[in-house]
Amino acid sequence: MKKSAFLFLICLIFALPISAIANLSKDEPIFVKEFIGQMDFVKGRLIQLAEAMPEDKYNWSPGEGVRTVGEVFVHDAEANYYLISQMKGTKPDMNQEKSPTDKKSALSMLEKSIEAVKEAASKLTEADLNKEVEAFGMKFSLRNFMITILNHNHEHLGQSIAYARMNGIVPPWSMKGE
């Protein structure tokens, strides 16, 4: 083997790992990919259920002082927007104006909020995930807070399933024979 070919081969051997390491730092952290996958899952279930609930049930509540069907979906969406403010390190928009809770508005707000969370999450780096945020009088890593919000979405999915079943609505994904 000629000396120049040998040197080229040595340079190539050392250059490949360096370029691979450089590309790794540009990729989304695995946590972000998994988080987005989980948000897609809960979004699918929430949206299916929100669509299955008849318009006239959006004002239904299981009792006085308890959120209505529409209010649950809007509350979930508002929490998602709060998460985005934490991801971006901005002050949350504490809009005191009550959001509409009719079916079309609640469904749209919920869907847009989850897509916005996924978009904001896709831009996070490993360093961002490790940053400390303060919410609800506690300190979290951003990663931990994202898990909290994901759990919050699942909590209200469960609440919405209970609301649907109390109104004779079977969640579309749990129908027999499908």
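Here is how the numbers come out for the structure above:
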| read-out | value |
| --- | --- |
| Protection-proxy order for peptides 158-164, 77-83, 64-70, 169-175, each taking the mean of Cβ atoms within 10 Å per residue, highest first | 77-83, 158-164, 64-70, 169-175 |
| Farthest positive-ward along region 37-178 dipole, Cα basis, beta-carbon charges - from Leu124, Phe73, Thr90 | Leu124 |
| Lys, Arg +1 and Asp, Glu -1 on Cβ, resulting dipole of region 22-178 about Cα centre, debye, nearest 20 | 120 |
| Shape of region 27-92, Cα gyration tensor, a/c cut at 1.5 | oblate |
| Gained length - Asp93 relative to Glu134, 0.36 nm times residue gap less alpha-carbon distance | 13.2 nm |
| For region 43-171: rounded, prolate or oblate by the Cα gyration tensor [a/c cutoff 1.5] | prolate |
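Quick note: the coordinates plus some simple rules give every number you see, no bench work behind them. The structure displayed is predicted, hence computed values, not measured ones. Cβ: placed from backbone, ideal geometry, glycine included. Neighbour counts: every protein chain shown.
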